[in-house]
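First the structure, in the form of structure tokens, and then the observations on it.
Bear in mind these aren't lab numbers, they're just calculated from the coordinates by the rules spelled out. Note that the structure is predicted; figures quoted are calculated from it, not measured. Reconstructed Cβ throughout: ideal geometry from the backbone, glycine too, with neighbour counts over all protein chains shown.
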Amino acid sequence: MNAIETYLSPWQDRLLSVLRIVAGLLLLQHGLVKLFSFPGPFTRAVVTGELIWFAAIIELIGGLMLIAGFYTRWAAFICAGLMAFAYFLGHSGRSFYPILNGGNLAVLYCFVFLYIAAAGPGPWSLDANRSK
């Protein structure tokens, strides 16, 4: 084992929790801006019942669940699916390449959430406290 592995290995589980919390906070922002124009206005008005409104609800609730680490695997899996859906529905039609179609963030979110769904919430979560 090299020096960096020796130093970072004890932090692996804690950094998984940090990744989950930060990804949840970033996702929460997307829901808040669409539903409440907070912390700034969305590009257009979101009408209740349209697809983007449902996406915002998932972003809001999923973001809160990820931040808290509550039913983390389910929340992350659903959010990964939402991001895949967002990419293919909203971005892929513009170009094959994510850098050209503006879908970089959706792809990254999708795989981060998929990783969290597989890896679990980490030690700093309600799920970890419930399992004790």
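Projecting the Cα atoms of LEU51, GLY103, LEU15 onto the charge dipole of the chain, computed from C-beta unit charges around the Cα centre, puts LEU51 farthest toward the positive end. Relative to the current alpha-carbon distance between PHE111 and GLU50, full extension at 0.36 nm per residue lengthens the span by 19.4 nm.
Relative contact order, whole percent, for segment 65-132 stands at 44, derived from Cα pairs under 8 Å and 6 or more residues apart. For the options GLY93, GLY63, GLY81, a Gaussian network treatment of the chain with springs between C-alpha atoms closer than 10 Å singles out GLY93 as fluctuating the most. Placing +1 on the Cβ of every Lys and Arg and -1 on the Cβ of every Asp and Glu, with nothing else charged, gives segment 33-132 a dipole about its Cα centre of roughly 80 debye. Geometric descriptor of segment 2-128, per residue, is 128 Å³ (volume of the convex hull of the Cα atoms).
Scanning the chain for DSSP H helices at least 24 Å long along the axis (C-alpha atoms) with a Kyte-Doolittle mean no lower than 0.5 picks out 12-36, 51-68.
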